[in-house]
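Inspection log for the structure reproduced underneath, given as C-alpha cells.
Read-outs throughout are calculated quantities, based only on the coordinates presented, and are distinct from any laboratory measurement. In this text the structure is predicted, and so the values were computed from the model without any measurement. A quick note on method: Cβ atoms are made from the backbone with ideal geometry, for glycine too, and the neighbour counts reach across all protein chains shown.
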Amino acid sequence: MSEAVLLFKELSAYLKPEDVAQLETAYQFSESAHEGQFRRTGDPYISHPLAVAKILAQWHLDAQALAAALLHDVVEDTTVTKEQISAKFGKRVAELVDGVSKLDKIEFQSAEDAQAENFRKMLLAMARDVRVILIKLADRLHNMRTLTAMQPEKQRRIARETLEIYAPIANRLGLNAVYEELEELGFCHMHPMRARVLTKAVKAARGNRREVVGKIQKAVKKKLRDAGIEAVVTGREKYVHSIYRKMLEKALSFANVLDIYGFRIIVNDAASCYLALGALHGLYKPIPGKFKDYIAIPKANGYQSLHTTLFGPFGAPLEFQVRTADMHKVAEAGVASHWLYKTDASLNQLQQKTHQWLQNLLEIQSESGDSTEFLEHVKVDLFPDEVYVFTPKGTIKAMPRGATAVDFAYAVHTDIGNHCVAVKINNELAPLRSELRNGDRVEIITASNANPNPAWLNYVVTGRARSHIRHFLKTVQYEESAQLGERLLNQALIPLKSSVAEVASILWNKLLRDCGVKSRQEIFADIGLGKRLAALVARQLFSLSEAAPTENRFPGAVLIRGSEGMAVQFANCCRPIPGDPILGSIKKGQGMIIHTHDCPIIAKSRGDPDKWLDVEWDNETHRLFDVSIKLVVANQQGVLARVAGTIAEAGSNIHNVSMEDGETSAYTTMNFTLQVRDRIHLAQLMRSLRRIQEVVRITRAKG
C-alpha cells in the first residue's frame, strides 16, 4: 500500500469524506506540478510534501492546513502561482502556502539578509495564522530527518538554523516532541563526531544501568500502589543533546553525568500529582532546590507538570515528572493539541498565551527598522528559561531568565516602560537594572515626563523592551535630526539669497520626486544625520529653478543652543562649553559632533574645510555642560571633602571623579568631570578651588 493511500486512510478517521476528496485532488495537483523533480535522497519530490502532511495528520490538523502542506513547495519550486492555488483550493489555502514559501524572487544584499527577511515573512504569517508555523515545523522536521543527503557544509548551516530558530519556536509553542527531535537532529548534524562518541557512551552505559532502572521503576510502582494512587510509570533515556548540554553547562565528563534516565508518572487528576510527589519524597530523599511546580504556575507555552530530583540508590540523582494525562497531551503537542483535542477546555489559556505572543511579534515588527533587527528581537524571546514574578495586584508574569525591572515594565504596558523611573522589588526600592528572581513582587514607579534611556539597551533582555526602546530613540533622533537639518539647509541657502521658507512648493515637490522620498522632513533628517550634504541639497533646489545663485556670499554660522538632543553631540575629547570657540562636523548616522577649535584630536583634519561647519554658541543656552578638570592636591585629611564642598557652593555638579597617585606620596591628582553653564561659570569655579590651601595646581583637561 502506497504512502498516499495510507495517509488518506488515516485522514478519513477524523475528516469528512468531502475534505479527504479535496486533499486527494491537492495531492494529484502537487504530484503533477513536481513531476520529474527528485530530492537529494533520490526519492520523487512528492514524497516530501506527503511526509509533511503525515506529520500534521498526527496532530489532526484541518483540511486547509493539510492541503497547504501538500502544496507548500509548488509556488517556490514550480511554475504554479498563488493565484492558481487560490482559484482551485481557496484563498485560505493559498495564503498558508504563501506564508511558508521563501522570498526567492527578491534580490538581497547578503544571504543573512535573505534569511532574516524569510523568517520575518514566515513569523508575521504565523502571527495571522498559527498553522503557518505548524506546517513549517513539520517541513523542517522531515528535512532534518533526511539531511544526510546534503553536503556537510549545508548540513551544518541548516542544523545551526534549526537549533537557533525552529527548535526554540517549537518549544515556545509547546510542541515538546518536535522540539526534542529537532534539537537532537540539529546536534547530530552540527557536531557529528561529538554525537557519535556520546551515543556510543550512552549505549555502553545502558547495559550497566538497565537493571538499576528496572529496580527503581519497580520500587516506585509499589510505593504508589501502597499509597492508593493509580499511575502509569515510564522510564526514558535522555536525548544525547540533553546530556551534551548538561556536560557543557556544568563542565562535567560523561562519567559524571549520572542522570541519563528520567522517569515520568501519569496520574488521573491534579490532586493525585501532589499525592504521588509526597509518596516519591517518602521513597527517596529530594535534592534541595530541585523542585518545580509548573501545575500551579504553568510555563508560557502551557506546559504543566511537577518536576523533582531525588537521591536514588547508589547516590545517583533521579529526575521525575508527575502530570495528568491531559497535561501530558498538552506537553507533547502544545498549541497543536487545539486540533488534536478540541473538547479540552484547559487549552483556552494556552491559546490565549500563544495569541499574546503572536501579537507581540506583530508589535515588534512594526517598530523594527529591518529584518535583521526583527530576527534579533525574536531570537531573544525564544529562550525557554523563565522566572515568575508578581504584579502588585498578584497577577503572575512569566519573564525570561535574566529579565530586569525595565523588561517587566514593558511587559505590563508600553507606556509604563517608556515612563518608568524607579522600581520597588518586594517593597524595597531597587535599581531599574535589577535582575528579577522567582517570586519577586514588582511595582514600577512612573513619571509622565520621563523617557527611555539609551543605557537601558545594555541590560534589557526581552525583544519587546528592546524594540520599544530603539523605536523611541529612533523617533526622537529623527525629529531632532530633522530640526538640525532644517537649520543647516537654511545656512546653506544664505549665499543663494534664500531660505527654506522661501523655496517654492513646486521646487520641493520636484526634489522629493527626484530623491525618491515622501516628505521634506526626510530630507531634513538625512541632512541632520549626515546622509546628505546641505550645500548639495541647496544647489539641487536652485538647479531646479531659474534663479541664478550668487557665489560671493558665505553662509552664516549655525547657532548651537545645547538643547538639540541626540542630533548634536559634544565631543568627549575636548568637552566644549559655551564661550569656547567651536567647530562642527557631520558624522554619518550620528548627526553633528561639536569640538573646540584647539582640540588636539582634530588638529590634523582641521585644515580640510569640507569636513567642518562654522558653528557658534547661541546667546541663550539653558543647560549644564560637562567639562573635565585636573587638580594636583597635597595629601591631607579631608581635602576631597573640601574640594567637593567648594564645587557644590559654586553651583556645579560632580558627574565623575577619579584619583591617581602624584609624582611623590605627598601629592594626589584628582580628575573631575563637572557640569557648568559656560566658561565664565568654569572660571569662577576654578578661582574658588585655587583658594583651597591644599590645591597646588588646577587645569582644564582636553584630549
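Just a few scattered comments:
- With 21 Å as the limit on Cα-Cα distance, the pairs of LYS397/LYS424; LYS200/LYS238; LYS91/LYS136; LYS222/LYS246; LYS222/LYS285 that go past it are LYS222/LYS246.
- Order by protection proxy (mean Cβ within 10 Å, highest first), peptides 515-526, 177-188: 177-188, 515-526
- Computed E for LYS587/ASP62 - FRET, C-beta separation, R0 56 angstrom, nearest 0.05: 0.50
- Segments 493-499, 444-450, 483-489 sorted - mean Cβ within 10 Å per residue, highest first: 483-489, 493-499, 444-450
- Label-point separation in nm, ASN653 to ASN449, each point 7 Å along Cα→Cβ: 1.3
- Between region 599-630 and region 631-665, the C-alpha centres lie 27 angstrom from each other.
- Cβ-Cβ FRET estimate between CYS515 and ARG623, R0 fixed at 41 Å, reported to 0.05: 0.75
- Between THR699 and ASN268, the modelled labels are 8.8 nm apart [label points 7 Å from Cα along Cα→Cβ].
- The peptide list 505-513, 156-164, put in order of mean Cβ contacts within 10 Å with the highest first, becomes 156-164, 505-513.
- Additional length obtainable on full extension of the chain from SER605 to GLU153, 0.36 nm per residue less Cα span: 158.0 nm
- Extension gain, GLU35 to LYS292: 0.36 nm times the residue separation minus the Cα-Cα distance gives 87.2 nm.
- SER253/ILE396 FRET efficiency (R0 45 Å; Cβ-Cβ; nearest 0.05): 0.70
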